[in-house]
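Notes to accompany the following structure.
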């Protein structure tokens with residue numbers, strides 16, 4: 001989808017009260033404005049309805065030509081934390097790469113990502129450089145992969 005000069009493309013979710021819901025669709029929005037529709041989010045059906053929809057992922061978002069889908073996790077210090085969301089980015093904008101499995105692109109990365117050796121690092125709320133980081137609940141092992149804490153090697157002398 002190409003938008004006329006003075007506008008930009010946004011993925012817009014339509015209100016939905018019954019499944020199956022239509023996926024978000026690209027719409028042209030005048031620059032300086034934002035769509036009136038909220039970003040894609042799980043919807044809660046009316047009482048007695050079906051279960052809420054899962055958060056958007058790249059399987060249920062169709063990006064316009066020239067855009068790539070990427071799941072974005074928002075750094076969060078205190079629950080309740082927002083779920084990861086899928087967003088469309090111009091191919092030349094961040095994120096420039098597809099993140100490895102169990103990682104998501106963070107425009108505001110943590111400067112002290114949890115690791116197998118330090119699962120709960122003390123950290124400032126200051127943003128680090130944009131990069132891929134482990135998904136919530138995972139830690140980085142010594143090989144650089146994101147794993148569940150239970151998959152970390154046990155330290156000698158500890159149970």
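Data overview
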item: Restricting the range 47-87 to residues that are at pLDDT below 70 and surrounded by 14 or more Cβ atoms within 10 Å (Cβ to Cβ), the residue that is nearest to the chain's Cα centre (by Cα); result: 73
item: Every residue from the range 105-127 that is over 16 Å from the mean Cα position of the chain (by Cα) and under 15 Å from residue 72 (Cβ atoms); result: 127
item: Matching entry among 111, 119 (being in a loop (DSSP other than H, G, I, E, B), more than 24 Å from residue 60 (Cα to Cα), at pLDDT 85 or above and touching a helix residue (DSSP H, G or I) at 6+ places or on another chain (Cβ under 7 Å)); result: 119
item: Selection from the range 128-145 of residues that are surrounded by 12 or more Cβ atoms within 10 Å (Cβ to Cβ) and over 16 Å from residue 72 (Cα atoms); result: 139, 140, 141, 145
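The values are calculated or read from the model by the stated rules, or taken from the named source; none is laboratory data. Note that this is a predicted model, so its numbers are computed, not measured. No Cβ is skipped: glycine too gets one built from the backbone with ideal geometry, and neighbour counts run over all protein chains shown.
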